[in-house]
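The values are calculated or read from the model by the stated rules, or taken from the named source; none is laboratory data. Remember, it's a predicted structure, so these values are computed and weren't measured experimentally. Cβ placement follows ideal geometry from the backbone for every residue including glycine, while neighbour counts extend to all protein chains displayed.
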Amino acid sequence: MYAQVIVDVPARPTDRPFDYEVPLELEACVEVGSRVEVPFGPRVLQGFVVGVSAEAPAGIDRSKLRTVRRVLDMTPPLTPELVELARWMSGKYLCPEIAALQVMVPGALKAKYDKVVVLREDVWRRREEAAQPELLPTDPVRAELADWLRARGEATAEALLERFPGSASLLKSMLAEGVLEERQRVQDRMSVKTALTVFPCGTEAELREAASALPARFQKQKDVLDALLAEGLRPQRLTELLHAVGVTSSVVKSLEAKGLVELRDVEVQRDPYAKRDFARTQPLPLTEEQSHVYEAVCGTLADGRHEVFLLQGVTGSGKTEVYLQSIQRCLELGKEAIVLVPEISLTPQMVQRFKGRFGDDVAVLHSRLSHGERYDEWRRIVRKEVRVVIGARSAIFAPFTKLGLIIIDEEHESSYKQEESPKYHARDVAIRRAEAAGAAVVLGSATPSLESVFATTREGGRKFRLLEMHTRALGRPLPPVQLVDMREELKNGNRSMFSGALHKAIEERLHKKEQIVLLLNRRGYATFVMCRSCGYVAGCPHCDIALTYHQNSRTLRCHYCGYAEREKSQCPDCQSEHIRHFGTGTQRVEEELVKLFPGIRVIRMDVDTTSEKGSHEKWLTMFGEKKADVLLGTQMVAKGLDFPDVTLVGVIAADTVLNLPDFRAGERTFQLLTQVAGRAGRHTLPGEVIVQTYTPEHYSIAAAAGHDYAAFLETELEHRRANGYPPYARLINITLSHEEVPRLMRISDALAQRLKEQALAARQSGEDGFTFDVLGPVAAPIARIKDRYRFRCMVKYRGDAVASRIVRRSVAAFEEQMAKEKLQISVDVDPQLLM
DNA sequence: AGCACGCCGACT
DNA sequence: GTCGGCGTGCTC
């Protein structure tokens, strides 16, 4: 048997399958999707099997074939369907196939390579016994080192030198003699956690009899048997059993010797939700709108068809209940379901709803889990213990084999795009996966992305089917939104960051003991350091970016290259001492709140206060328990929260994002305002929203205030069409980086030229139905990172396949330069952030 | 990406 | 004369 393997070397020349022979004893466990260890050149690597065959591969010298050394998992971590998906991803996002395969498995399975030295006992003995002591090396440490290594079995060179300092040359000569041998090791980052488990041997009657047959002096052994019988002979974790009965392990060992129980190492899970009890919930009755949507989805599910639905439902219209019941139906049909939610809204509230409905049938995957916890949840999927997965972006790769339904909540969220390689978009991957699996996709949002809405129109080819929900499930109207023109406030002498209206509204809520959500529309801007005298901003010496102030270490750090320096007390430019760090903005709002409303209790949520693991949940729980009057924060307070006593939502400055040089700025602003407005008055108490802005006439802001998606859509689409932006075209960003600007400029121009030529060639060879425009090259928004300058070409295209082929071929022409002179080219297909 | 092989400067 | 610098070429 032969296997085709993609090896763990993310580079262009190795980005193809390599053929290996599979030894007979491994044939049973090598299949497409297996993770294997293979020799590759002078080293040993991890790889994924992407093909198997009985016949020897053609076109390769048999003598060159090497053999698979080991299969790394009992069950393959990937399914053939996922292997195929990885192949598609590498073509679509222009990433090495191994990178796509790697994101599909938990980080715990990423290989760790190291080298160890072992003692060659046979060589050692032969030399010692050669009986010519005068010829043996005389180093006194020799024997000691050999003994130590013999006891340990193996050791890394570092560990060995730590134990025997200064023996580097000894080590080298022993390796040369062949007494020591270097071996490569391939390890998982994380291994399976196991626990000794007690398995009763025999039937209940047998054990009962055995227990009573034991003489009185074996009382403790009897106690153990009784405990096992009381638990219905279920296997027990040894530590727990010992604790419960109050005996030591020797007692159980005695029982094992008698053959009454068996002790085995069993894989255990770190279940992060083990301690919590989730009250089971029943399906709620659906409103007319909800059941209309539900029926549509069920129809497709029943047919086992692939179809993409765009579910546009106003905030509070009860999308989640529709998801839950659709999943229920999917499970009844014997299929599995994946639910994607933005990381930020994967709150305990959300998890609770799914755990409550489906109990242990759900695995939860999110980045706040430790490596090990994440791995364990994922293992539950592999072992077929769950049929539903809820998680952030990468949960789209859950290794299900009978996928029936994929739900993407808040589908417009930019966090579905991975910003590192492979730069995939979970929505596009989901659709591709569902196509292959014959599964339905439901994209849900109150404010869908323009791309998705466009896909429901005739012009967009009616690729998606639009389903709408206009009314809120609890019958509450959408809260009225009041726009406050801050220019007027300033004119009237109000220089505070709170308008008269917002000030009064806050006061009222405090009086009535209702709660307030305040949003500062600023993308998690980090704290930076500026001189108030001359305007100097502390920047990274290696990157064109401001340094970030870190409170706890009192240092300034660069988030791009890791550069760090001490906090400054004097401006390096003008020597002024008026140099200080500027808060995230929320800090300043908090200070002002406390000043204006003495005794006000504020919870501030931003990058500073939520960096710690679990802090996000902690703050939300506190707010839910009404331990604070105000929840103040950036984007993160806008998403998916549902607190009944929130009756006021205030937006401090609506337009800060509008001025970013990104064609999606208007869309983002509209979405954010709509989302945050939806936090108010969700239950019995009526809500109110106050939006402060300097540009109340801007269509994004006006439309959000009027809860008018249609108006927003019309204007925004017009803009996009006029400027040739998505959804009328798609984008590919190609970023080039090099240490020298002149060289970089020349290469960038050459690349742009090449792209244009390739496009022309495609057109001339009769290819049509595509457009391909090259913009730039221009300096990238962050013009230098890690002392490398950056230029960018933007491609506007229509026609996926042709465009990626043109880009792939053009970039390939620079491969030689990439290797030779440290040129780097990074391709981002369908970028979400243009910054 | 590594790692080996190979060809030129500063040292015992 | 050797140790070690990093250029370039290959990996089933």
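Some points to look at:
- Test for A:Pro77: is it surrounded by 18 or more Cβ atoms within 10 Å (Cβ to Cβ) and outside any helix (DSSP H, G or I): yes
- Enumeration of residues in the range A:163-184 that are in contact (Cβ under 8 Å) with a residue 40 or more places away in the chain and either part of a helix (DSSP H, G or I) or more than 14 Å from A:Leu119 (Cβ to Cβ) (or both): A:Leu171, A:Leu175, A:Glu177, A:Gln184
- Leading residue by the ranking (farthest from A:Ala108 (Cα to Cα)) among those in the range A:37-59 that are in a strand (DSSP E or B) and more than 16 Å from DNA strand B (Cβ to nearest atom): A:Ser53
- Note on the range A:608-637: among residues that are of a type in the set (Asp, Glu) and in contact (Cβ under 8 Å) with a residue 24 or more places away in the chain, the one that is surrounded by the most Cβ atoms within 10 Å (Cβ to Cβ) is A:Asp629.
- Given (1) hydroxyl-bearing (Ser, Thr, Tyr); (2) surrounded by fewer than 18 Cβ atoms within 10 Å (Cβ to Cβ); (3) within 27 Å of A:Ile431 (Cα to Cα), index of the condition A:Ser53 fails: (3)
- All positions within the range A:82-114 that are closer than 17 Å to A:Val186 by Cα, touching a helix residue (DSSP H, G or I) at 6+ places or on another chain (Cβ under 7 Å), surrounded by fewer than 22 Cβ atoms within 10 Å (Cβ to Cβ) and not aliphatic (A, V, I, L, M): A:Gly107, A:Lys110
- A:Gly404 meets all of the listed conditions (1) of a type outside the set (D, E, K, R); (2) surrounded by fewer than 24 Cβ atoms within 10 Å (Cβ to Cβ); (3) touching a helix residue (DSSP H, G or I) at 6+ places or on another chain (Cβ under 7 Å); (4) over 15 Å from A:Leu311 (Cβ atoms) but one, namely (2).
- Residues in the range A:551-566 that are farther than 20 Å from A:Thr609 by Cβ and among the charged types (D, E, K, R): A:Glu565, A:Arg566.
- Of the candidates A:Arg509, A:Arg427, A:Arg487, A:Arg432, the single residue that is part of a helix (DSSP H, G or I), within 26 Å of A:His366 (Cβ to Cβ) and either outside the structural domain of A:Thr401 (by TED's automatic domain parsing) or without any contact (Cβ under 8 Å) to a residue 40 or more places away in the chain (or both) is A:Arg427.
- Those helices (runs of 4 or more DSSP H) of the range A:574-681 in which 2 or more residues are of a type in the set (D, E, K, R) and modelled with pLDDT of 85 or more occupy A:586-596, A:665-677.
- Per-region count, the range A:65-74, residues among the polar types (S, T, N, Q) and either crowded, with 16+ Cβ neighbours inside 10 Å or within 16 Å of DNA strand B (Cβ to nearest atom) (or both): 0
- Single unsatisfied condition, A:Leu519 versus (1) surrounded by 18 or more Cβ atoms within 10 Å (Cβ to Cβ); (2) modelled with pLDDT under 85: (2)
- Filtered residue count, the range A:340-363, keeping only those that are in contact (Cβ under 8 Å) with a residue 60 or more places away in the chain and surrounded by fewer than 24 Cβ atoms within 10 Å (Cβ to Cβ): 15
- Residue match in the range A:11-28 (condition: away from DNA strand C (no atom under 12 Å from the Cβ), touching a residue at least 24 places away in the same chain (Cβ under 8 Å) and not acidic (Asp, Glu)): yes
Condition check ((1) under 30 Å from A:Val807 (Cα atoms); (2) touching a residue at least 12 places away in the same chain (Cβ under 8 Å)) across all residues:
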| site | (1), (2) |
| --- | --- |
| A:Glu81 | yes, yes |
| A:Lys92 | yes, yes |
| A:Pro96 | yes, yes |
| A:Val117 | no, yes |
| A:Arg125 | no, no |
| A:Ala130 | no, no |
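- The condition of being over 33 Å from the mean Cα position of the chain (by Cα) and touching a residue at least 12 places away in the same chain (Cβ under 8 Å) holds for only one of A:Ser496, A:Ser452, that being A:Ser496.
- Any hit, the range A:185-204, residues being more than 30 Å from A:Trp148 (Cβ to Cβ) and in a helix (DSSP H, G or I): yes
- The sole residue among A:Arg16, A:Arg62 that is surrounded by fewer than 16 Cβ atoms within 10 Å (Cβ to Cβ) and within 16 Å of DNA strand B (Cβ to nearest atom) is A:Arg16.
- With respect to the conditions (1) part of a helix (DSSP H, G or I); (2) over 32 Å from the mean Cα position of the chain (by Cα); (3) surrounded by fewer than 16 Cβ atoms within 10 Å (Cβ to Cβ), A:Gly766 falls short on a single one, namely (1).
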